[in-house]
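The values are calculated or read from the model by the stated rules, or taken from the named source; none is laboratory data. All values derive from a computational prediction rather than experimental measurement. Here the Cβ positions follow ideal geometry from the backbone for every residue, glycine too, while neighbour counts run over all protein chains shown. Side chains included, ligands, DNA and RNA excluded: accessible areas come from the protein's heavy atoms. Shrake-Rupley method; radii C 1.70, N 1.55, O 1.52, S 1.80 Å.
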Amino acid sequence: MSFDLSRVFDLFLLGIFGIAAIISTAMGVILNYHWTHYELSRSKITTVRVLYFGVSLLILGIMGALLIAIFT
Amino acid sequence: MINLLPGEEVVLVKRHYWLPIVAELFVFLVIALIPWGIFMGEQFTPPTVRGWIDANTARFFFLSCGWLLAIWILSFIAWTNYYLDTFIVTTKRIIDVDQVGLFARTIAEAPLENIQDVRVEISGILASLINYGDIHIQSAGATKEFAAHSIPKPQEVKDTVFRLRHTNRIQGEAAQ
């Protein structure tokens, strides 16, 4: 049975992507709770939300595209 | 969210001085740029590392993006902790919100009439030049001392607390 180490590494990268997506979403929910419930003004919440979720999604999108490139 | 009492108004909201959080975010920025520095600085990376990066560019960029995302999240956690750590003076009380971490938050408050002593502490050349320091407020209530560290213009807090306490006392006497 052949054992392809690079394929295992790629699966490890896939795992990292999954963990990154879960952590960034979970942290987004937690941070959003803090921004909404404590002290932040409406306009500031919107700016902070757009910045956090926008950049996080952009980075996750780039990671996803790179992952597709790695697997194909 | 702080629920204000009837007729109560927020007079002053103080946060820690901005320089430490800016320095922290700058450190995060430098750490975030490490993989890109490795990629750009060909002459500084060992040949084995350079060889792996050249052979696995997509994988390297994937890991760099993961690194960037982690730093991005940590930066927001640091900023949120900084931003929500506030010292509030209202027309009726002082509220000290200690945001230690995302899951550690302490709120202490004391009515202005319970305040016995306010002490401002500015120590160091930088603190004196930029005018930031600590403020310690002695209270007669359950929370004996309120302390806000590294806040800009601490003297302003002291003056405001005394002014409001004086105004409240005059209004209280007039009402009697």
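Here is how the numbers come out for the structure above:
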| read-out | value |
| --- | --- |
| Search result, residues across the range A:60-72 that are surrounded by 16 or more Cβ atoms within 10 Å (Cβ to Cβ) and without any contact (Cβ under 8 Å) to a residue 40 or more places away in the chain | A:Ile62, A:Leu66 |
| Enumeration of residues in the range A:19-35 that are closer than 15 Å to B:Ala70 by Cα and either away from every other protein chain (no Cβ under 11 Å) or in contact with a Phe, Trp or Tyr (Cβ under 7 Å, 6 or more places away or on another chain) (or both) | A:Ile22, A:Gly28, A:Leu31 |
| Search result, residues across the range A:36-59 that are open to solvent by less than 80 Å² (accessible area, probe 1.4 Å), facing chain B (nearest Cβ under 7 Å) and part of a helix (DSSP H, G or I) | A:Tyr52, A:Val55, A:Ser56, A:Ile59 |
| Hits in the range B:43-89 (condition: basic (Lys, Arg) and either under 13 Å from the mean Cα position of the chain (by Cα) or within 12 Å of chain A (Cβ to nearest Cβ) (or both)) | B:Arg59 |
| Residue that is most open to solvent (accessible area, probe 1.4 Å) [pool: residues in the range B:15-60 that are part of a helix (DSSP H, G or I) and of a type in the set (Lys, Arg)] | B:Arg59 |
| Breaking point among (1) at pLDDT 90 or above; (2) surrounded by fewer than 17 Cβ atoms within 10 Å (Cβ to Cβ); (3) assigned to a helix (DSSP H, G or I), for B:Tyr83 | (2) |
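Every residue, every condition in (1) in contact (Cβ under 8 Å) with a residue 40 or more places away in the chain; (2) closer than 28 Å to B:Leu19 by Cα, yes or no:
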| position | (1), (2) |
| --- | --- |
| B:Gly101 | no, yes |
| B:Pro111 | no, no |
| B:Gly124 | no, yes |
| B:Ile137 | yes, yes |
| B:Gly141 | no, no |
| B:Gln155 | no, yes |
